[in-house]
Amino acid sequence: MLSDSAPSGKGSSADAARERIEQGPLPVWAVPCTFAPDFKPDLPAQVTHLLFDQQLHSEKHLEYNHIAIRLETVQAVRRESEWRIEIDPRHQKITVHFIKVHRAGQQFDQTRLNHLHPASAATDGRQTLLLLLEDVRPGDIIEWAYTLEARPAIMADHCAHFFKLPEKSSLGKMFLSVRFNESRPMKWKSSAKDLAPNETRANGEVHWVWTRENLPAAIPEDNAPERHLAGPWMQVSDCADWQTVAADFAKAWNEDEEDAAIKAIASELAAGSPELLGQAEKAIHMVQDEYRHLDEDVELEGAPPARPGIVARRRFGNAKDLSFVLVQLLRGLGMSARLVLVNTKLQKSVSDFLPDPGLFNHVVVEFELSGQRRWIDATTKGQGGGLLNRVIRDYGVGLPISKTSSGLIPAPPPIVSASAFEIKEVILLDTAESSSLLGVVVSARGSYAEDLHREFESKGVEAVSRERLVSANERFVSATRVGPLQYRDDRKSNEFFLAEIFEIRKFLKSGGKPGLFQLEVTDNPVLGLLKTPPSADRRSPLAILFPCDAVHTFEVYCVALAPGVSPEKTIDNSWLQFTLNRKLLAGNWVFQSSLWTLTDEVPPSSMEEYQETVQEIRAQSAWSLLVPAGIQRPHQRNDFGTLPPSWESAGAEKRTPLKPTHDTNQDSPGNGNDQPSATPTGQSGFVGHTGEVRYKRRKRHRRKRRDSKYTLIWGAIVAGLMLVGLIFLIIALARGAEKAVPEKQALPTPPAVQQ
């Protein structure tokens, strides 16, 4: 049987891994599986999967794997002829049964374990070994089988496994099975109702088998949420509940253990700042930015985190190491803190599966301060915004590591106001012989600021400046930078500002008449945040950015621009809200569009409605402007294209979206679909929105009902005012007639008010 400890022999990690890999016969309990070598996939691919065979023996802690693939291209030969196997010698052992190459009815044995060599350096105990297969050609079939024996540090006596079939490829045959003692409380779950196992019982043993042939390729749809698995899956687990999983993690990881070295560091932090807020901020900054992160966390059921004192001394570690250190530091400062297990891909979908320690691949830290609960990622670099305003990916749910855990908990709600993004573009328009000037100011906070921070840090200022110049040339035909790109990265407030000026030429088009030019704006940067599927016929949800608070402001200065009136346009539904404001002043027209998202995905059943909403937004956002020729550009102000001194001065004040209506197709009252108008001058004017199309909505009858309601209301108001006016007119006429009649003469009743 497999020992729970790592090999004690000396040597490298590769030597330790090779000691745990041996060659042996097929297990007697495994069901032999054949496959069709001439299987024809429904979709051509570089690799055709002929057989996917996985069999578990719960009582022996064994996992039998039998795979067969056909190499269709030269690229597939280059990639798949490097056979790889991964092992953690601390708690795993592998018995390789065979590695074969099939060609034209012949088999060539390639089981040469003495030729295994490490594929990469290992720092966490895991090791990937590589075997170069000889004489492999396109059309060959590679078949291999091995048995993995494992005794993980977490829930070693339990059995839990997640079967996931190969994606993006057809599968000739699937055979999945689980053997377990009938006294074991095993459960199963699958992605579809028809994926139920065939059950047999004999001699106190239960045997579940899933088998299928000719499975079509499961192609993930574009922009689908990561948590949505495109292909079929099956899961088995005998874990009673999530509380049991959390308690086993807490026991194996010594979650309550205190470290003297960490207590000393916490005392130093406490002495350096009088307030708890500042002490905690320094602790987080230390772990996030001063400790090196080893990005190697593949699974979390293996060895526990390294001792916090060791991590603090060497100043590096993986996610669980750094998170454990941070928890200990915060507790040392007197705060409530704990580790929380999450899944970076499945996110909130973890709650849809059976309890299983193998479902987690990342760990974050939860702390509470001033009655506010927050999650923080110890591996994220360069964060700012204060202790309570740091942004973190929305993991949906997590499992706190504690002996008294209550199970899965929801993630803290995202701080919507913490992240915002605004692009302000100002054009000093010239239609004479000179060039126009374009000033661009970008203001970002929260996650948007962190994205810009990482971009500048990884690429450098010069590279970013070149990329932005290329982008300006793509939009305005001919752009030349005026002065260097300016930026200010404020990590304390987690804000990032960028400013630049360009000379632009040749971007104006003919206005259709002599002496007129046309300025077209169709590439609103905010709209790039909206993903649109090519078809409304969709199986999976559409992922959209959330939270999202983005604004694009486009200003044009030209003395020929006349003042006008344009109502605000609002388009909202259950997933997003878009507003368009136009301020038409003499010599200065401003167009501002704002986008908020209200959720992180659109269900497949609502895809047509979502598409029509986005189409309408794009149509409303595109506009053009007519200006006469021979107009020189206005004078450049001192603040043109310069960095704003603060977030508020940039005009990026806090914005709050309107509450979405129950009718997801309803426009704001009074906005309708009418286009804005401007006072014509004969020389300049608003041409209008491009693509004037009234999009059909699936619930158009609700809009008609609303319009009818407002028509009746306004009709009643107008009728009432007319009636009041008529009464006052009659009274006035009556008084005038009374003065004209001699005294004591009877006044006849006016015909209009006769009873």
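Judged by the mean number of other Cβ atoms found within 10 Å, the most tightly packed of the peptides 168-179, 430-441 leads the ranking 168-179, 430-441. In a simple Cβ point-charge model (Lys, Arg +1; Asp, Glu -1; nothing else charged), region 377-428 has a dipole of about 240 debye relative to its Cα centre. Ordered by solvent-accessible area of protein heavy atoms (1.4 Å probe), largest first, the residues 507, 316 come out as 316, 507. If you restrict to DSSP beta bridges whose two residues both lie in region 26-175, what percentage is antiparallel, to the nearest 5? Once the DSSP bridges in region 26-175 are tallied, antiparallel ones form about 90 percent. Counting Lys and Arg as +1 and Asp and Glu as -1 over every other residue whose Cβ lies under 13 Å from the Cβ of residue 447, the net charge comes to -3.
For region 218-302, pairs of C-alpha atoms spaced more than 14 angstrom apart make up 81 percent of the total.
By a 1.4 Å probe calculation restricted to protein chains, residue 335 has an accessible surface near 20 Å², given to the nearest 10.
Only Cα sites of region 6-160 enter the Debye sum here, all with the same form factor; the resulting log10 I(q)/I(0) across q = 0.11, 0.20 1/Å is -0.48, -1.32, listed in q order.
Checked against a 32 Å cut-off, the cross-linked pairs 93/193; 100/348; 93/282; 193/320; 282/345 give Cα-Cα distances beyond that limit for 93/193; 100/348; 93/282; 193/320. Rounded to the nearest 10 square angstrom, residue 200 shows an accessible area of 70 square angstrom against a 1.4 Å probe. The mean sequence distance of close C-alpha pairs (under 8 Å, at least 6 residues apart), as a share of the length of region 22-122, puts its relative contact order at 24 percent. Near residue 368, once Lys and Arg are set to +1 and Asp and Glu to -1 for all other residues with Cβ below 13 Å from its Cβ, the sum equals +3. Take region 448-531 with all the other protein chains still there, run a 1.4 Å probe, and you get 54 Å² of accessible area per residue. Over region 237-364, the hull volume per residue, using the convex hull of the C-alpha atoms, is 110 Å³.
Coordinate range of the alpha-carbon atoms in region 508-650 per principal axis, descending: 56, 43, 23 Å.
The distance from the alpha carbon centre of region 84-145 to that of region 601-636 is 55 Å, rounded to a whole number. Over region 15-102, accessible surface divided per residue gives 45 Å², non-protein components excluded, 1.4 Å probe. Here region 407-473 was treated as a single set of alpha-carbon atoms; its pair distances binned every 10 Å from 0 give 15, 33, 27, 16, 7, 2, 1, 0 percent.
Charged side chains reduced to their Cβ positions (Lys and Arg at +1, Asp and Glu at -1) give region 432-556 a dipole of some 280 debye around its Cα centre.
Scaled to the globular estimate 2.2 N^0.38 Å, the Cα spread of region 246-289, given as radius of gyration, is 1.44. The heavy atoms of residue 187 offer some 110 square angstrom of accessible surface to a 1.4 angstrom probe. Surface composition of region 460-597: carbon and sulfur make up 54 percent of the accessible area, probe 1.4 Å.
Surface composition of region 15-110: carbon plus sulfur atoms hold 52% of the accessible area, using a 1.4 angstrom probe and ignoring ligands, DNA and RNA. Between the C-alpha center of region 228-274 and that of region 548-585 there is a gap of 49 Å.
Here the accessible area of region 376-418 is 56 percent carbon and sulfur, with a 1.4 angstrom probe and all protein chains present. With N the number of residues in region 333-443, Rg(Cα) / (2.2 N^0.38 Å) evaluates to 1.63. Net charge near residue 35, counting Lys/Arg +1 and Asp/Glu -1 over other residues with Cβ under 15 Å of its Cβ? Residues near residue 35 contribute 0 overall.
The values are calculated or read from the model by the stated rules, or taken from the named source; none is laboratory data. Fair warning: this is a prediction, and the values are worked out from it, not measured in the lab. Glycine gets a Cβ as well: all are built from the backbone with ideal geometry, and neighbour counts include every protein chain shown. Calculation scope for accessible area: heavy atoms of the full protein, side chains included, ligands and nucleic acids excluded. Shrake-Rupley method; radii C 1.70, N 1.55, O 1.52, S 1.80 Å.
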